[in-house]
Amino acid sequence: MRINALTTSAAVVACVAAVMTSCSSQQAQQQAPAPEIATMTVSQGSTRIDNTYPATIKGKTDIDIRPQVTGFITKVHVDEGQQVHKGQVLFTLDQVQYQAAVDQARAAVNVAQTAVSTAQLTADNKKKLLDKNIISEYEWQMADNSLQQAKAQLAQANAALVTAQKNLAYTTVTAPSDGVIGSIPNREGSLASPSSAVPLTTVSDNSQVYAYFSLTERDVLNLVGNGERTLNAAIAAMPEVELRMADGSLYGQKGKVATVSGVIGAGTGASNVRALFANPSGVLRSGSTGSIVIPTVTDSVMTIPQKATYELQDRRYVYVVNDSNKVVSTYVTVTDMNDGLNFVVNSGLKPGDRIAVEGVGTTVKDGIVIRPKEAGAAAPAAQQN
């Protein structure tokens, strides 16, 4: 009996201790202050949305330089990246064989001229004899035919001389336009040929450059208002575009969309677009890359910071703060503003809603009560009891 009494007493003591511990824990939880979280009130307004598209830069003209005759390079007159002018000498090819061809053609012309002179004298003499009825008309006709043949051979020799002189001139390769020299894969001693797969170099006119990028079929439809205006009218109404260079900085000159292809690529589902930029300082070089930025100003839209959202199973959520300062996880659909900071809200929120903008995914949890403060404002002092 005494053992049972002791056991019963121990159990009572344990229960009392457990109840006291639970009460202490609940009291501690009740006494813990609600976390102080920055919030913002969602509102509507005008905003600029930047749509970016990868782009490739090319000079207004990129001309492959190839020789018109075959020969060994004897001198390279320019260097890579050099600014050149139309007519400036770029390369010189071996001229020996072409100079010899000119000399040979000139000698052939002299021979043909002598033959014409001789045939002319013979024909004139035969004509005088014919007029005196000393020879037959047949003999005179044969002499005249020989004269015409000699003249034809002279014309042929002159044509061969012109061809030889042109080939000799082609050994001096000049710039067809103003521009900047590209890479020069072949140097002195290399064989250059019109049929070579690799050109001697490229001359790029970079005074203006084209930025080539692509628009999806949906983008093109939005551009023409689903058929409400023509493509040319849509291009004329497009705002000036910007170019974000490879280092992330914006190019100092704004450009204008010049053309939009009327054909959607079967393999890509996109249409090629070309924007024109002035390049007075030569910063942009043919072959470089960047991104085209097309700004769109939209009225009556709601924007929220990206840091105020979190993603769960490919769906994006925000914490809405109700009138009781309780946070409620709310599903939203958004559009990226491409600034790395903000989203445009498509659905899930309305003007006047309060959302948490800090502690999302860490301090803030669905269903907790918070002490809201305006984002960027100093926190109110806690009251001391």
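Structure above, values below:
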read-out	value
Residues satisfying the stated conditions in segment 187-200, i.e. buried (at least 17 other Cβ atoms within 10 Å of the Cβ) and either assigned by TED's automatic domain parsing to the domain that holds Gly290 or not in a strand (DSSP E or B) (or both)	Pro199, Leu200
Residues satisfying the stated conditions in segment 292-318, i.e. more than 32 Å from the chain's Cα centre (by Cα) and not in a strand (DSSP E or B)	Ala308, Gln313
Residue, surrounded by the fewest Cβ atoms within 10 Å (Cβ to Cβ), within segment 30-59, restricted to residues that are out of contact with any Ser or Thr (no Cβ under 9 Å at 6 or more places or on another chain) and in a strand (DSSP E or B)	Thr41
Residue within segment 95-114 that is surrounded by 15 or more Cβ atoms within 10 Å (Cβ to Cβ) and not in a helix (DSSP H, G or I) present	yes
Segment 297-322, residues that are over 17 Å from Leu341 (Cβ atoms), among the β-branched types (Val, Ile, Thr) and in contact (Cβ under 8 Å) with a residue 40 or more places away in the chain	Val297, Val321
Odd one out for Thr92 among (1) loosely packed, with under 12 Cβ neighbours inside 10 Å; (2) part of a strand (DSSP E or B)	(1)
Filter result for the condition that a residue is among the small types (Gly, Ala, Ser), surrounded by fewer than 15 Cβ atoms within 10 Å (Cβ to Cβ) and in contact with a Ser or Thr (Cβ under 6 Å, 6 or more places away or on another chain), over Gly87, Gly81	Gly87
Qualifying residue in segment 253-272 (condition: outside the structural domain of Val364 (by TED's automatic domain parsing), touching a residue at least 60 places away in the same chain (Cβ under 8 Å) and either within 23 Å of the chain's Cα centre (by Cα) or surrounded by fewer than 16 Cβ atoms within 10 Å (Cβ to Cβ) (or both))	yes
Selection status of Asp205, surrounded by 15 or more Cβ atoms within 10 Å (Cβ to Cβ), under 17 Å from Ala278 (Cβ atoms) and of a type in the set (Asp, Glu)	yes
Residues of segment 209-251 that turn out to be touching a residue at least 12 places away in the same chain (Cβ under 8 Å) and either under 16 Å from the mean Cα position of the chain (by Cα) or in a loop (DSSP other than H, G, I, E, B) (or both), as a count	19
Given (1) among the hydrophobic types (A, V, I, L, M, F, W, C); (2) surrounded by 18 or more Cβ atoms within 10 Å (Cβ to Cβ); (3) under 28 Å from Ala34 (Cα atoms), number of the condition Met337 does not satisfy	(3)
Segment 319-372, residues that are in a loop (DSSP other than H, G, I, E, B), within 23 Å of Gln44 (Cβ to Cβ) and among the aliphatic types (A, V, I, L, M)	Met337, Leu341, Leu349, Val357
Residue satisfying condition, being under 30 Å from Leu200 (Cβ atoms), part of a strand (DSSP E or B) and among the acidic types (Asp, Glu), within set Asp62, Asp79	Asp62
Residues (modelled with pLDDT of 90 or more and among the hydroxyl-bearing types (Ser, Thr, Tyr)) located in segment 47-78	Tyr53, Thr56, Thr70, Thr74
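The values are calculated or read from the model by the stated rules, or taken from the named source; none is laboratory data. Because the structure is a prediction, the values reported are computed rather than measured. Cβ: placed from backbone, ideal geometry, glycine included. Neighbour counts: every protein chain shown.
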